[in-house]
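Here's the structure we're looking at; comments come further down.
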Amino acid sequence: MVIILKSGTATTEIAELEGYLSAYDLKVQETVGEHTTILGLVGDTLSVDMDTLLSFPCVEDVRRIQEPYKAANRKFHPEPTVVDIAPGVSIGGGAFAVIAGPCSVESEEQIIEVAEAVKASGATLLRGGAFKPRTSPYAFQGMRAHGLELLLKAREATGLPIVTEIMSADHLPLFKEVDVIQVGARNMQNFELLKVLGKQEKPILLKRGLANTIEEWLMSAEYIMAGGNHNIILCERGIRTFETATRNTLDLSAIPVLREKTHLPVIVDPSHATGVRKYVDPLSVAAVAAGADGLIIEVHNNPQKALCDGPQSLTPAQFDTTMKKITKMREFVATELNA
Ligand code: PEP
Ligand code: MN
């Protein structure tokens, strides 16, 4: 971190600032230029608050040299993280996974029928919301604890590990049997929830917030990792922009950017990113071409009757077609693109 001082700063002011910094385990290197004096802070500056430094009258500017996240930073962990979910099911470091299923669990018949269909097409995990974050309090809120029981039945019937969203830390005891806990876009910065999830061992699918930068997203991963849980899968699910043709705008550039900045696996959700069924297929293929470690795709056995997100849900037959293209693109990426 570098602190740039205002010109004409008195030595007493510099001493006051250095006195404040002495509380940290840092070396302060002073460089006196013709017009500007800068203080270089050498050491672990993660807990140094930039705003506090800026509040000193003699400080002109403060710049971070190192990213504010460490556990998630690829610089300190060059090897890709592989998140192991179940025997034979992993994500990251070359292990690719497709998570598929309905937006919400609606009945035992529905979740088992969809689970069997997506498994037959090659999905490796089953998704299904039991606790739903809906914009309207009058909309279907999910089957809650009963929905989790139905997901377990679908896992028993198909062997597919299950992924489902948590909305409150109070519900964690209900998630004992769940394989991957999803943190939805709306909770990406629910820091108290992230801290609780950091204290347990289950893999976390951390979706990008609706209007969050990549750095904010990585800081949320850092919250979980700081608690001790390093099993995190990042999920790009589209961000809010001025565009209205799609529900959100899929930020595919997040894949190569994250690849450089972090060792955590990155998957893409083309369903929530577009909100439109016919765009899910091309963007699934594009995400694979851009290097995603996996996909999460909404599939419903009767989208017209879905209680949530029907317009963006693929039918099992459409999912089957998309899976075939995903497989082809994966082969192409492995044998031609990255050969
Ligand atoms: C979901 O996966 O059903 C969901 C609500 O997604 P998001 O948090 O990305 O909106
Ligand atoms: Mn949904």
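The values are calculated or read from the model by the stated rules, or taken from the named source; none is laboratory data. Because the structure is predicted, anything quoted here is derived from the model rather than measured. Positions of Cβ are backbone-derived with ideal geometry, glycine not excepted, and every protein chain shown enters the neighbour counts. For the accessible areas, the whole protein counts, side chains as well, though only heavy atoms, and no ligand, DNA or RNA atoms are used. Shrake-Rupley method; radii C 1.70, N 1.55, O 1.52, S 1.80 Å.
Summary table below
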quantity	calculated
Wholly within the stretch 1-113, strands (runs of 3 or more DSSP E) carrying at least 2 residues that are crowded, with 18+ Cβ neighbours inside 10 Å	2-5, 37-43, 59-63, 83-86, 89-91, 97-101
Check on HIS300, within 12 Å of ligand 2 (Cβ to nearest atom) and within 25 Å of GLU216 (Cβ to Cβ)	no
Number of the exception - SER271 against (1) surrounded by 24 or more Cβ atoms within 10 Å (Cβ to Cβ); (2) more than 14 Å from the chain's Cα centre (by Cα); (3) in a loop (DSSP other than H, G, I, E, B)	(3)
From the options VAL257, VAL266, VAL285, residue that is touching a residue at least 24 places away in the same chain (Cβ under 8 Å) and closer than 14 Å to THR322 by Cα	VAL285
Matching residues, the stretch 218-251, being more than 22 Å from GLY129 (Cα to Cα), without any contact (Cβ under 8 Å) to a residue 60 or more places away in the chain and open to solvent by less than 10 Å² (accessible area, probe 1.4 Å)	ASN229
Residue that is in a loop (DSSP other than H, G, I, E, B), within 16 Å of ligand 1 (Cβ to nearest atom), assigned by TED's automatic domain parsing to the domain that holds ARG144 and closer than 25 Å to ILE85 by Cβ, where the choices are ALA287, ALA292	ALA292
Residue satisfying condition, being closer than 30 Å to THR12 by Cα and at pLDDT 95 or above, within set PRO87, PRO78, PRO57	PRO57
Cross-chain or 6+ apart pairs with Cβ under 6 Å, the stretch 54-82 first and hydroxyl-bearing (Ser, Thr, Tyr), then surrounded by 15 or more Cβ atoms within 10 Å (Cβ to Cβ)	TYR69/LEU218; TYR69/MET219; TYR69/GLU222; THR81/GLY92; THR81/HIS263; THR81/LEU264
Of residues in the stretch 182-217 being charged (D, E, K, R) and in contact with a strand residue (DSSP E or B) (Cβ under 8 Å, 6 or more places away or on another chain), the one surrounded by the fewest Cβ atoms within 10 Å (Cβ to Cβ)	LYS202
Unmet requirement for THR327, which otherwise passes all of (1) within 17 Å of ILE99 (Cβ to Cβ); (2) without any contact (Cβ under 8 Å) to a residue 60 or more places away in the chain; (3) among the hydroxyl-bearing types (Ser, Thr, Tyr)	(2)
Test result for ALA334, within 13 Å of ligand 1 (Cβ to nearest atom), among the small types (Gly, Ala, Ser) and assigned to a helix (DSSP H, G or I)	no
